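Visitor: The following block contains the structure, expressed as C-alpha cells.
The values are calculated or read from the model by the stated rules, or taken from the named source; none is laboratory data. Here the structure is a predicted model, which is why all the values come from computation and not from measurement. All Cβ positions, glycine included, derive from the backbone under ideal geometry; neighbour counts span all protein chains shown.
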Amino acid sequence: MAQNRRIDVIFNPRIGSFNVKMFLSLIQADGYNPLSVESVTFTIKDKQICDDIAAEAIGRAEKAQAQREALSNILHQGPFRPGQLFELMKEQLITPLVDRHTFINRVAAAADVSPMGIYKTGFWSDHWTYIMDLLESYLLIHPDGEEHLLFDQLLPYFFSPASVRPRSEKYVLSLNVNGDG
C-alpha cells in the first residue's frame, strides 16, 4: 500500500509526516510488513481528558449528565475509529452540541494513533524502497522537518498476528532418489 501513498504529501502538504510514520510503524523486526493496511485507530487513555471532551461536546448542564458520562466511557473504553465512535453515539442517543467536524478534530488531537494492518495472505518485503520515496517526498515539501521527524518522535509499533519463520524452519534437506542427501 505504501507504493500508492508515496506522493500524497506533494498533493496535500497538510498530511505532513503521517504516512512516513504510519508505514515505518508497520515494518516488523524481520523487515517485512503486512500485505494490507487498515485505517488507524484512536485511543484516549486518560479518563480526565475523556471527561473534558465529553463536557465540551455535550455541555455541563445537569440534564446532560447521562449523555456526558456515556460519551466519556465510549472514548475511554479502548481503540476506536471515527465511524465506530459516531455509530456508538447514535446507538446511545448521544447528541453533541458542537458540529461533528469540531468534535472529531478535538478527539483526534487528544488521542494516540495506532497503525493497523492485516496479514491476509502474506507480507511485503520490498516496502523499504517505498519508505525511502515517502521520506524524499516529505523532505521535498517539509525540508525543515527532517530532524524532528527522525529524532524527536516515537513511532508506535504494530504487533502483527503472524511472522516470517526463520530460514532454518522453512527449509529442510530432502533425500534424493537414492536415499542420501
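Visitor: So how many residues does region 19-42 have that are surrounded by fewer than 17 Cβ atoms within 10 Å (Cβ to Cβ) and either under 18 Å from Ala110 (Cα atoms) or not acidic (Asp, Glu) (or both)?
Guide: If we filter region 19-42 for residues that are surrounded by fewer than 17 Cβ atoms within 10 Å (Cβ to Cβ), which is where we start, we get 29-31, 35-36, 38-39.
In the following step, the residues that additionally are either under 18 Å from Ala110 (Cα atoms) or not acidic (Asp, Glu) (or both) were identified as 29, 31, 35-36, 39.
Adding up the residues that qualify gives 5.
Visitor: Anything in region 43-65 that is among the small types (Gly, Ala, Ser) and modelled with pLDDT under 95? List them, or say none.
Guide: Gly59, Ala61, Ala64
Visitor: Output yes when any residue across region 115-135 is touching a strand residue (DSSP E or B) at 6+ places or on another chain (Cβ under 9 Å), of a type in the set (D, E, K, R) and outside any loop (DSSP other than H, G, I, E, B), and no when none is.
Guide: Yes: one or more hits.
Visitor: Need pairs with beta-carbon distance below 8 Å; first residue among the charged types (D, E, K, R) and assigned to a helix (DSSP H, G or I) and within region 140-161, second surrounded by 14 or more Cβ atoms within 10 Å (Cβ to Cβ) and at pLDDT 90 or above; sequence gap 6+ or separate chains.
Guide: Listed pairs, sorted by first residue: Glu146/Leu139.
Visitor: When you check Ile10 against the structure, is it over 17 Å from Ile118 (Cα atoms), in the same structural domain as Pro143 (by TED's automatic domain parsing) and either assigned to a strand (DSSP E or B) or among the β-branched types (Val, Ile, Thr) (or both), yes or no?
Guide: Values: over 17 Å from Ile118 (Cα atoms): yes; in the same structural domain as Pro143 (by TED's automatic domain parsing): yes; either assigned to a strand (DSSP E or B) or among the β-branched types (Val, Ile, Thr) (or both): yes.
The answer is yes for Ile10.
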